[in-house]
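Chemist: Once you've had a glance at the structure underneath, I'll fire off some questions.
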C-alpha cells in the first residue's frame, strides 16, 4: 500500500448546518483517527523489513480496511479524519510513548536516536494533529 504521505490528515470540517446534540444539550463532535491505516515503511528503514512482506501484508502490519472504514465514518459523521499509514511494525501510533510495544521487534533494537527520529517524523505529527483537534473542540 503506497500513499503519498504516511502521516497525513484528511480533515473535512463538519457541516455546520447540521444540528448535532448530545446529552443535556452538549454538542457531540466526532473525530475519527486511524492509526493503523497502512503498512508503509520509510525508505531508510526498509532494510529491516526485507523479509517481512507477508508480515507487513497481514494484520500485524496494519488494520486491513480501516482506512476505508475511517473515510466512510468520517464522511457519514461529517467528522475530520486523521490518518497515518506508517506500519505499526515501524512505530505504533496508537500507543503512548512509554508503552512497551511502541516499537515492534523489527525496530525496538535500533539506537535510541534512530527511534527518536522515527517518533519525531511519524508518531508525533499524527498524535499532535489529533490532540490539537481535541483541544480545538474542547475550547469551542
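Chemist: Taking the Cα-to-Cβ direction at residue 109 and at residue 96 and moving 7 Å from each Cα, how far apart do the two end points lie in nm?
Modeler: 2.8
Chemist: Rounded if a/c is under 1.5, else prolate if a/b is larger than b/c, else oblate: which is segment 31-140, with a ≥ b ≥ c the root eigenvalues of its Cα gyration tensor?
Modeler: Values: a/c = 2.70, a/b = 1.46, b/c = 1.85.
Since a/c reaches 1.5 but b/c is at least a/b, the shape of segment 31-140 is classed as oblate.
Chemist: I would also like to ask the following. What residues of segment 107-124 lie in the reach of a label at residue 55, counting those whose backbone N is under 13 Å from a point 7 Å from the Cα along Cα→Cβ?
Modeler: Hits in segment 107-124 for residue 55 at 13 Å: 107-110.
Chemist: Assuming R0 = 22 Å, can you tell me the calculated FRET efficiency for the pair residue 128 and residue 28, based on Cβ-Cβ distance, to the nearest 0.05?
Modeler: 0.40
Chemist: Using per-residue counts of other Cβ atoms within 10 Å, averaged over each peptide, order 54-67, 93-106, 33-46 from highest down.
Modeler: Ranked by mean Cβ neighbours within 10 Å, highest first: 33-46, 54-67, 93-106.
Chemist: Could you give the distance between the Cα centres of segment 27-46 and segment 78-97, to the whole Å?
Modeler: First find each Cα centre; the distance between them is then 3 Å.
Just so you know, all these numbers are worked out from the coordinates, no wet-lab data involved. Quick caveat, the model's predicted, so the values are computed rather than measured. All Cβ positions, glycine included, derive from the backbone under ideal geometry; neighbour counts span all protein chains shown.
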